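I have placed the structure first, in the form of structure tokens, so that the comments after it can refer back to it.
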Amino acid sequence: MAVQLDHDKLVITNTGIVPAGRPEEMFERFKTGKPSGRSQGLGLTIVKKICDVSNYTIRYRFEISKHIVEVQFSEN
């Protein structure tokens, strides 16, 4: 896992398997993105809500066996 933080963004990178669902579904409550059918819970949903009320932008992508979540604090 890697965490990068500067004045306009936070990037969290972690290795893992390809998610089963669409990237935009990662932020929905109790969405199952695992083959086991277990829910991802509320964590990313809470982060998304915090970003929404704070006017931050959150993005998820999967590249080269890595999950990448980026929170943009500024409009740049």
F62 passes all but one of (1) part of a strand (DSSP E or B); (2) surrounded by 15 or more Cβ atoms within 10 Å (Cβ to Cβ); (3) modelled with pLDDT under 95; which number fails?
(2)
When only residues in the stretch 28-54 that are within 19 Å of V18 (Cβ to Cβ) and at pLDDT 65 or above count, which is most open to solvent (accessible area, probe 1.4 Å)?
E28
Residue list for the stretch 5-25, restricted to those being open to solvent by 80 Å² or more (accessible area, probe 1.4 Å) and either touching a Cys at 6+ places or on another chain (Cβ under 8 Å) or over 14 Å from H67 (Cα atoms) (or both)
L5, H7
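The values are calculated or read from the model by the stated rules, or taken from the named source; none is laboratory data. Predicted model, so just to flag it, every value in this text is computed and none were measured. Cβ sites come from the backbone with ideal geometry, for glycine too, and all protein chains shown count toward neighbours. Surface areas here come from the heavy atoms of the whole protein model, side chains and all, with no ligands, DNA or RNA. Shrake-Rupley method; radii C 1.70, N 1.55, O 1.52, S 1.80 Å.
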